[in-house]
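First the structure, in the form of structure tokens, and then the observations on it.
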Amino acid sequence: MSVEHDIALVTVTKQVTFEKMYEFMGGLEGSVHSNPKLGETLGLGGAIAQGGHLVAFLNEMLCRTFRGGYGRGGEISITFIKAVRPGDTVTTGGEITAIEAEGDRQRARLDIWLENQTGEKVIVGKASALIG
Amino acid sequence: MMMVDMWKDNFDGIEVGAETASFSITVTEAMVADYMKTIEFDQSWWDDANADEAGKVVPVDLVPKLVMRRLFVEYGERVFGRHIRVKQSYKFLQPILVGSEVTVTGWVKGKYEKRDKKFVEFEAHYVGSDGSLLLVDNRTSMILFESFKMKGVEA
């Protein structure tokens, strides 16, 4: 359920490449995020993007939108529901569902998600941040 | 590269409450720069967190990224084999500043089975040099057993 507000969510879109996945892992070879053969062996169908790599995009959206109100008092809780693979393009999204009083400030609560280039949600969850 | 027994199937051996690791890390400007480049973000998102701290606050998820392998992955590979993250939550209580020392401690918070899959819950606390709690990190990993047949990564 959305609520009336004047907060403009700053969504971000990123292309996920194998090179970026490898770089995110710091060149570590023994990971399903940087070694396609290992991903195959483990039944993952190849290399998949690391969860932290994808959460970073949601954190970027929330930090761009709420600035210090996210870094000091923000919360995020998400579930990974579909793998992201090299070549995928992902876009963050969100909807503010509540604005609540918290001391002398307000807290925004949101449903958030990350979706791939076909519109499938790959991450869903909730977040909150302080306003003002 | 350390050889890992990928198929340990040691769910019963996972001890709830066991500490996974505890150590300290100091974040440098170079770490911040490397991370920003990796996630393709070239604008300081933290520069208005507090006037006194402008330009010194590190990206919110940088330290969890830096410590993840040592804090959770190595423990998992040592005790129950390969695993992938299926849930993640963070509470960002206080910003972490460049040059500050952060002590991280992780432990096994729980474990459960659901729809023929096995999961381990971890929690970690990130504490500043003054003892203040900076960040709470909760994550759930799904264990990759040999009989596991992936049809998309679905928890």
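Applying the criteria of a DSSP loop state and at most 13 other Cβ atoms within 10 Å to the GluC sites (Glu not before Pro) of the range A:11-40 yields A:29. Dipole orientation for the range A:1-108: of the candidates A:49, A:87, A:35, A:35 has the Cα lying most toward the positive pole (charges on Cβ; Lys, Arg +1; Asp, Glu -1). Rounded to the nearest 20 debye, the dipole size of the range A:40-132 about its Cα centre is 180 debye, using +1 on the Cβ of Lys and Arg and -1 on the Cβ of Asp and Glu.
Rounded to the nearest angstrom and listed largest first, the equivalent-ellipsoid semi-axes of chain A from its Cα gyration tensor are 32, 14, 12.
Spin-label model, residue A:109/residue B:129: points 7 Å from Cα along the beta carbon direction are separated by 3.9 nm. Its residue count N sets the reference 2.2 N^0.38 Å, and the alpha-carbon radius of gyration of the protein assembly as shown equals 0.98 times that reference.
Stretching residue A:3 away from residue A:117 to a fully extended chain increases their span by 38.3 nm, per 0.36 nm per residue minus the current alpha-carbon distance. Against chain A, whose longest principal axis is taken from its Cα atoms, helix A:51-66 shows a tilt of about 20°. Each residue of the range A:98-107 is assigned a 3J(HN,Hα), and the resulting list reads 7, 10, 10, 6, 9, x, 9, 10, 10, 10 Hz, derived from the Karplus form 6.51 cos²θ - 1.76 cosθ + 1.60 (θ = phi - 60°), x at Gly and Pro.
We did not get these values from a lab; they are worked out from the coordinates using the rules stated. Please read all numbers here as calculations on a predicted model, not as lab measurements. Here the Cβ is made from the backbone with ideal geometry for all residues, glycine too, and neighbour counts use every protein chain on show.
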